[in-house]
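**Q** To start, I am sharing the structure in question, which I have written as structure tokens.
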Amino acid sequence: MKIMGKIENIKRFLLEEPKSYLKRPKAKLQPILAKQGDSSINLDKLADVISPVALLEPLITVQSPKHWSQAVSNLSDQVDAILPMSIPAYPTEVWNSHPQPLIDRGLPIIFWPLMQYDEPDFWRWSASDFLRALGVQVHIAQNTRHGLLLLKSFALKRFLAQSKIVVFGEQNFPWNANAAGHLIKNSLGIDIIVKPISEIRGYYEKFSDQQVKSLWSKRKNRYIEKSVKPDQLKQAIRVYLSIRAILEDESAAAFGLNCFGDLIIKGGRDVPCLAQVLLREDSYVASCDGDFIAITTMMLITYFLDKTCMMSNMYPVQYVGALKDHFGNPLSPNVKKYPKAKWKNLARLAHCGFVGVVSPEMTPSGKTSLCDWGGTYEIKRDGLGCGLDGDLAREPITVAELCFDGQTLLLANAKVCETTRHKNMPHCESSGLLEFENLPGFVENISREHTAVVYGSHIEELKVLADILKLDCKIF
């Protein structure tokens with residue numbers, strides 16, 4: 001069925017309620033009233049406003065400086081942030097006279113906006129700068145939307161610190177989890193588990209033909225069986241079932257598999273392309289090539305924005321020689337539609353013969369085609385495997401890329417110009433053409449050719465998240 005309206009407004013497609021380890025928790029916000037009296041914030045109203053993303057803990061009313069110190073130091077480890085509140089009076093609160101408990105406890109604090117006007121409480125400027133100077137993480141919510149983004153960010157921070165990624169295959173690309181996975185662990189708390197591809201294959205016999213047939217009958221309505229062979233489709237479904245079983249055993253939220261550094265070059269065609277999109281329907285995150293940095297980037301997007309994203313190789317079209325060497329054709333845009341003067345901001349998305357692993361909800365038709373695996377210029381297409389072919393919608397997108405240091409997040413505004421069909425190129429049937437606002441700046445800071453893409457402009461939202469996660473966010 002064709003998707004009506006803008007795809008950027010569509011939430012990710014989920015088959016059923018996600019398992020507990022796949023759900024962003026609700027943040028816990030602790031209100032503390034400076035002293036006995038009427039609060040400047042209606043807590044019942046606030047609890048209702050934040051209920052989609054956070055829970056309001058029972059109010060603590062400060063009785064004395066000693067009580068204040070004890071209350072802050074004894075807060076549960078489940079509390080994500082403190083909500084300081086005043087009684088209507090001049091701001092001579094206990095956190096100004098006795099800031100040490102906040103310094104020692106290390107919890108962030110949020111000064112909520114004036115709810116009646118939905119604007120920041122500028123009387124908090126002084127206290128904020130004062131506490132920040134002393135080492136306290138302070139946020140003045142600019143409006144309710146900003147406050148909710150802060151709470152979602154705190155919740156995602158907790159979620160990531162309890163999450164796992166499984167990557168399969170040899171670690172022989174730069175995204176070597178054995179060598180660099182600790183950088184993500186140190187930054188965000190995510191555990192990265194490396195397993196051989198043989199673990200997936202060890203599950204294949206556990207799933208009967210009847211189980212495969214039954215599962216596909218329930219899931220196939222979002223897919224078009226194009227050139228994929230029946231036996232290869234069955235194999236692709238077994239790959240999905242096997243990876244899902246491993247993820248469930250590990251309580252892991254995401255996976256990737258090193259196809260070109262391990263599976264494909266050894267003759268394997270049990271590629272996990274279909275497994276990726278089916279697992280996204282189960283609320284997992286999945287990326288190509290076992291790139292754990294791209295997977296992490298996609299986790300930030302998926303679990304923060306509640307939107308489906310994808311990753312693919314990004315190729316600036318002005319690099320004519322490099323593209324020709326890689327594809328046997330530079331994939332240059334139509335000069336009449338896209339004059340060369342614009343090429344500096346144009347790039348292609350392409351991976352494994354197609355645009356990339358595009359979920360059905362990211363296509364204008366709401367369906368993704370299943371084809372034989374697309375091959376590469378060097379590794380010829382052989383009619384085996386199950387690849388995915390899906391068009392992109394001509395809409396604004398946000399391009400994101402976390403760097404290997406686990407501390408730098410690149411964000412770029414762009415738009416999809418078209419999905420280009422390349423005739424007589426079986427190793428590149430389709431690619432997406434993107435126009436960036438500032439591709440040269442993005443490339444100057446780029447980490448890898450792997451970029452994550454989500455519909456809509458989400459720079460401001462992701463900037464809030466980056467701030468809470470202590471990431472250096474660079475915008476292009």
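The values are calculated or read from the model by the stated rules, or taken from the named source; none is laboratory data. Predicted, not measured: the structure shown is a model, and the values here were computed from it. Every residue, glycine among them, receives a Cβ derived from its backbone with ideal geometry; neighbour counts consider all protein chains shown. Remember, those area values only see protein heavy atoms, side chains included, never the ligands or the DNA or RNA. Shrake-Rupley method; radii C 1.70, N 1.55, O 1.52, S 1.80 Å.
**Q** Rolling a 1.4 angstrom probe over the protein chains, ignoring ligands and nucleic acids, what is the accessible area of Cys273 in square angstrom, nearest 10?
**A** So the heavy atoms of Cys273 present about 10 Å² to solvent.
**Q** Right, here's the next one. Residue separation times 0.36 nm, minus the C-alpha to C-alpha distance between His182 and Ser51: what's the value?
**A** 43.7 nm
**Q** Would you mind counting up the charge near Leu409? Only other residues with Cβ under 11 Å from its Cβ, with Lys and Arg at +1 and Asp and Glu at -1.
**A** Neighbour charge sum, excluding Leu409 itself: -1.
**Q** Okay, next question. Work from the charge dipole of the chain (Cβ charges, +1 for Lys and Arg, -1 for Asp and Glu, about the Cα centre) and give the residue of Leu305, Ser251, Leu278 farthest towards its positive end.
**A** Leu278
**Q** Which of His422, Gln116, Gln70 sits farthest toward the positive end of the charge dipole of the chain, with +1 on the Cβ of Lys and Arg and -1 on the Cβ of Asp and Glu?
**A** His422
**Q** A follow-up question, please. Between region 340-387 and region 91-136, what is the separation of their alpha carbon centroids in Å?
**A** 50 Å
**Q** I would also like to ask the following. Enter the accessible area per residue of region 207-364 (Å², integer; probe 1.4 Å; all protein chains in place).
**A** Spelled out: the 1.4 Å probe surface of region 207-364, per residue, equals 33 Å².
**Q** Here's another thing I want to ask about it. Counting Lys and Arg as +1 and Asp and Glu as -1, each charge on the Cβ, what is the dipole of the chain about the Cα centre in debye, to the nearest 20?
**A** About 1080 debye.
**Q** As an exercise, use a Förster radius of 51 Å and the Cβ-Cβ distance of Lys23 and Lys336 to find the FRET efficiency, rounded to the nearest 0.05.
**A** E(calc), rounded to 0.05, equals 0.55.
**Q** Between Lys344 and Gln78, how many nm apart are label points set 7 Å from Cα along the C-beta direction?
**A** Distance between the two pseudo-spin positions: 5.5 nm.
**Q** Could you compute the net charge surrounding Val62? Neighbours are other residues with a C-beta less than 11 Å from the C-beta of Val62; K and R count +1, D and E count -1.
**A** The answer is +1.
**Q** Compute the length gained on full extension between Glu8 and Phe122: take 0.36 nm times their separation in residues and subtract their Cα-Cα distance, giving the result in nm to one decimal.
**A** Length gained, Glu8 through Phe122: 37.7 nm.
**Q** Please list Thr363, Thr420 from largest to smallest accessible area, probe radius 1.4 Å, with all protein chains kept in place.
**A** These residues rank, largest area first, as Thr420, Thr363.
**Q** Can I ask one more? What are the DSSP H helices in the chain that stretch 20 Å or more along their long axis, judged by alpha-carbon atoms, and whose average Kyte-Doolittle hydropathy comes to at least -1.0?
**A** Taking the DSSP H segments of the chain (at least 20 Å long, mean hydropathy at least -1.0), we get 144-161, 230-250.
**Q** Can I ask one more? Calculate the spin-label point distance for Asn172 paired with Leu43, positioning each point 7 Å from the Cα along the beta-carbon direction, and give it in nanometres.
**A** With each label placed 7 Å out from Cα toward Cβ, I get 6.1 nm.
**Q** Using a cut-off of 13 Å between beta-carbons, work out the net charge of the residues near Asn172 (Lys and Arg +1, Asp and Glu -1, Asn172 not included).
**A** Residues close to Asn172 contribute a combined charge of -3.
**Q** How big is the chain by Rg and Dmax over its Cα atoms, in Å?
**A** For the chain, the Cα radius of gyration and maximum Cα-Cα distance read 24.6, 78 Å.
**Q** How long is the gain from Phe130 to Asp472 if the chain were fully straight, where each residue apart is worth 0.36 nm and the alpha carbon distance is subtracted?
**A** Net length gain for the segment: 120.8 nm.
**Q** Right, next: Name the residues of region 270-285 whose amide N is less than 19 Å from a point 7 angstrom out from the Cα of Tyr204 along the C-beta direction?
**A** Label zone hits: 270-276.
**Q** Grab the beta carbon distance between Gln162 and Gln211, set R0 = 30 Å, and tell me the FRET efficiency rounded to 0.05.
**A** After rounding, the FRET efficiency stands at 0.45.
**Q** So, R0 is 22 Å and r is the distance between the beta-carbons of Asp306 and Asn221; what FRET efficiency does that work out to, to 0.05?
**A** Given R0 = 22 Å and the Cβ-Cβ separation, E is 0.45.
**Q** What distance in nm separates the simple spin-label points at Arg421 and Ser365, each placed 7 Å from Cα in the Cβ direction?
**A** With each label point 7 Å from Cα toward Cβ, the separation is 1.0 nm.
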